[in-house]
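Colleague: Can you keep this structure in mind? I'll have questions shortly.
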Amino acid sequence: MDFPKHAYFQGRIVPYSEAKVGVATHALNYGTAVFGGIRGYWNEEKKKLFVFRPMDHYRRFLQSCRLLCMTVEHTPESLTQLTLELLRKDNYQQDIYIRPLAYKSDETIGVRLHDLKDELTIFALPFGLYVKNDTCAHVTVSSWRRIDDNMIPARGKISGAYANSALIKTDAARAGFDEALVLTQDGHLSEGSAMNLLIVRDNVLITPPVTENILEGITRRTVIELAKNELKLTILERPIDRTEIYICDELILTGTAAQVTVATRVDHRPIGNGVMGPVGEGLRKLFEDVVRGNNPKYAHWNVAV
Ligand code: PMP
């Protein structure tokens, strides 16, 4: 496992080993932090590192901050600039993952959101595949349910809420699956442990709407746009029943870490023909070109370091 080289910490960029917090830190005890996850893609031909859609990631990051009543004196622009500054210092020439984290930094006892200080940290580290079998994943339907908007809002990337994702992921991994899908309290498909989901039925791409306790994924949005513009698919945002994933033609999982992962089996049943389908394959190719800065039409999503 690679360690980050530097971190933005307490207002300046320091060696990663100096970015430390005390064990009484509020966020560590109560999960009162929010984070982001952004990828940087190394383009070997152009000898450039491209950060993918940082402004969109930071817009969502600041929304997550609002949900936890955090004051972070930043804009998406200033956070992007800060990230670029950090990456220039890191000087990575490989694919990376960037983690901004805003956290309640007081070292104190007492559960609340108010009257606490907020701190911002950002670090980046080398990062490859997140889902190993990303063209033939075997997924299960988790026995856990997705947290509801009125419990901990899933549209925020709230650290404490990831205990839900961790329960989902570990049970799936221990049972031999690559990933798990999770249902809402109503029994509709929500998302994976850390990725959104889309299914294909009769050439229509269907994905749960943002009111189904999903994270409003940047990769989901990217894939919807690519499917519409480039594959000329009809996109439907509507609730998905559990049994639709047993009869759909394709199942696709999207996320910054997961990128475009294709699932070919669900609970030991083949999805479609049991191999990667044309929509999944097409989206994977488009996505790889776009994120690596090789598609001029979408170059506005690539921010060069
Ligand atoms: N859902 C959850 C719960 C996640 O943690 C992630 C990863 N950030 C996603 C969906 C995908 O979001 P994005 O495409 O913005 O990374």
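The values are calculated or read from the model by the stated rules, or taken from the named source; none is laboratory data. Quick caveat, the model's predicted, so the values are computed rather than measured. Positions of Cβ are backbone-derived with ideal geometry, glycine not excepted, and every protein chain shown enters the neighbour counts.
Colleague: With the condition being in contact (Cβ under 8 Å) with a residue 24 or more places away in the chain and under 18 Å from Ala166 (Cα atoms), I'd like the strands (runs of 3 or more DSSP E) fully within the range 179-266 carrying at least 3 qualifying residues.
Modeller: Of the strands (runs of 3 or more DSSP E) lying wholly inside the range 179-266, those with at least 3 residues that are in contact (Cβ under 8 Å) with a residue 24 or more places away in the chain and under 18 Å from Ala166 (Cα atoms) span 179-183, 189-192, 250-255.
Colleague: Closer than 16 Å to Ser64 by Cα and more than 14 Å from the ligand (Cβ to nearest atom): is that true of Glu119 in this structure? Before you say what the answer is, go through the steps one by one.
Modeller: Details: closer than 16 Å to Ser64 by Cα: yes; more than 14 Å from the ligand (Cβ to nearest atom): yes.
Against the criterion (closer than 16 Å to Ser64 by Cα and more than 14 Å from the ligand (Cβ to nearest atom)), Glu119 qualifies.
Colleague: Taking the criterion of being of a type in the set (Val, Ile, Thr), away from the ligand (no atom under 11 Å from the Cβ) and under 23 Å from Thr140 (Cβ atoms), would at least one residue in the range 182-189 satisfy it?
Modeller: yes
Yes/no matrix, rows are residues, columns are (1) among the charged types (D, E, K, R); (2) away from the ligand (no atom under 16 Å from the Cβ); (3) within 27 Å of Asn302 (Cβ to Cβ):
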site: Glu230; (1), (2), (3): yes, yes, yes
site: Glu237; (1), (2), (3): yes, no, yes
site: Thr243; (1), (2), (3): no, yes, no
site: Ile252; (1), (2), (3): no, no, yes
site: Ala257; (1), (2), (3): no, no, yes
site: Thr264; (1), (2), (3): no, yes, no
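Colleague: Failed condition for Val131, given (1) buried (at least 20 other Cβ atoms within 10 Å of the Cβ); (2) within 15 Å of the ligand (Cβ to nearest atom); (3) outside any loop (DSSP other than H, G, I, E, B), with all others met?
Modeller: It is condition (3) that Val131 fails.
Colleague: Scan (1) assigned by TED's automatic domain parsing to the domain that holds Asn203; (2) within 19 Å of the chain's Cα centre (by Cα) for the single condition Pro270 breaks and write down its number.
Modeller: If we test Pro270 against (1) assigned by TED's automatic domain parsing to the domain that holds Asn203; (2) within 19 Å of the chain's Cα centre (by Cα), just (2) comes out false.
Colleague: Residues of the range 42-61 being more than 15 Å from the chain's Cα centre (by Cα) and either surrounded by 15 or more Cβ atoms within 10 Å (Cβ to Cβ) or not acidic (Asp, Glu) (or both), which ones?
Modeller: Hits for the range 42-61 are Trp42, Asn43, Lys46, Lys47, Lys48, Leu49, Phe50.
Colleague: Further, regarding this structure: Inside the range 21-93, counting only helices (runs of 4 or more DSSP H) that do not spill past its ends, which hold 2 or more residues that are touching a residue at least 40 places away in the same chain (Cβ under 8 Å) and within 16 Å of the ligand (Cβ to nearest atom)?
Modeller: 54-67, 76-90
Colleague: Can you tell me which residue in the range 150-173 is surrounded by the most Cβ atoms within 10 Å (Cβ to Cβ), limited to those that are in a loop (DSSP other than H, G, I, E, B) and away from the ligand (no atom under 13 Å from the Cβ)?
Modeller: Initially, the range 150-173 is screened for residues in a loop (DSSP other than H, G, I, E, B), giving 150-157.
Right, trim to away from the ligand (no atom under 13 Å from the Cβ) and you get 150-151.
Details: Asn150: 8, Met151: 13.
Among those residues, the one meeting the criterion is Met151.
Colleague: Please verify whether Val34 is surrounded by 15 or more Cβ atoms within 10 Å (Cβ to Cβ) and touching a Cys at 6+ places or on another chain (Cβ under 8 Å), treating the condition exactly as stated.
Modeller: The answer is yes for Val34.
Colleague: Oh, and also: Would you confirm whether or not the range 84-96 contains a residue that is basic (Lys, Arg), crowded, with 18+ Cβ neighbours inside 10 Å and closer than 30 Å to Asn294 by Cβ?
Modeller: no
Colleague: If you don't mind, another one. Taking the range 198-244, which residues are surrounded by fewer than 21 Cβ atoms within 10 Å (Cβ to Cβ), within 23 Å of the chain's Cα centre (by Cα) and among the hydrophobic types (A, V, I, L, M, F, W, C)?
Modeller: Ile206, Val210, Ile224, Ile235, Leu236 - these are the residues of the range 198-244 that are surrounded by fewer than 21 Cβ atoms within 10 Å (Cβ to Cβ), within 23 Å of the chain's Cα centre (by Cα) and among the hydrophobic types (A, V, I, L, M, F, W, C).
Colleague: Please list, ordered by first then second residue, the pairs with beta carbon atoms under 9 Å, 6 or more apart or interchain, first in the range 158-175 and over 18 Å from Gly217 (Cα atoms), second away from the ligand (no atom under 15 Å from the Cβ) and among the basic types (Lys, Arg).
Modeller: Sorted first by the residue in the range 158-175, then by its partner, the list stays empty.
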